[in-house]
1. If I histogram all Cα-Cα distances within the range 67-134 using bins 5 Å wide from 0, what percent of pairs lands in each bin?
2. For T69 paired with V105, estimate the spin-label separation in nm (one decimal), with each label point 7 Å from Cα along the Cα-to-Cβ line.
3. If r is the Cβ-Cβ distance from T128 to V77 and R0 is 25 Å, what FRET efficiency results, to the nearest 0.05?
4. For a quick protection proxy, order the peptides 117-129, 7-19 by their average other-Cβ count within 10 Å, most packed first.
5. For S5 and D28, what is the calculated FRET efficiency with R₀ set at 45 Å and r taken between the beta-carbons, to the nearest 0.05?
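Any read-out appearing in this document is the output of simple, stated calculations on the displayed coordinates, not a laboratory observation. Because the structure is a prediction, the values reported are computed rather than measured. Please note: Cβ atoms are built from the backbone with ideal geometry, for glycine as well, and neighbour counts cover all protein chains shown.
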Amino acid sequence: MRLLSFAIWALVAGSAVFWLTRLLSRADAAPAHAVTVSANTSTASADLSRLLGSTRTADAATPEPALDTRYKLIGVVAPKSAAATGLALIAVGDKPPRPVSLGGVVDGSLVLLAVNHRRAELGPAGGTATVRLELPAIPEPNRSVRGPGGAPAAVASPPPPLPAMPLPAATPASPPVRNPAATR
């Protein structure tokens, strides 16, 4: 009877400690860049039809975009020598990007005339370049270091080098032990 009474009171005490710690503890503070959202804010008003798979065509009244904005350069494979051929990954309008080799047709009468390590030039076949597409600049890498508590800290210096450890002295190898049962 004493053991059962002890177990019940231990369970009651454990439950009380659990609920007191849940009620008295405070949540971590939200980061400074966090944005709160309330139920009264309006939802995004973007056109999600393309995202959800709609294949409808654009209205005829929509003006033709400027020539430079219709094409987007996604990537290039520039040749190292004049004998090698280059490739450019180009998106035309809202279509997915596709690879185009030097001299290949990009759109209509435009062909890929030249490929550089950051640029592709388009124009009529045998003519001069009328459109130059550049890759976007590569962003600088993030070099911040987090200090204690997750706050940004100054750039940390490298850790000091470890002291040299002496190697253990070599012990002479003992002769191999032969198993007499294995030699029979």
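1. It works out to 4, 20, 33, 27, 13, 3, 1, in whole percents.
2. Between T69 and V105, the simple spin-label model gives 2.7 nm.
3. Working: r = 23 Å, r/R0 = 0.92.
Using R0 = 25 Å, I get an efficiency of 0.60.
4. Values: 117-129: 14.8, 7-19: 10.0.
Ranked from most to least packed, the peptides come out as 117-129, 7-19.
5. Details: r = 40 Å, r/R0 = 0.89.
My answer for the efficiency is 0.65.
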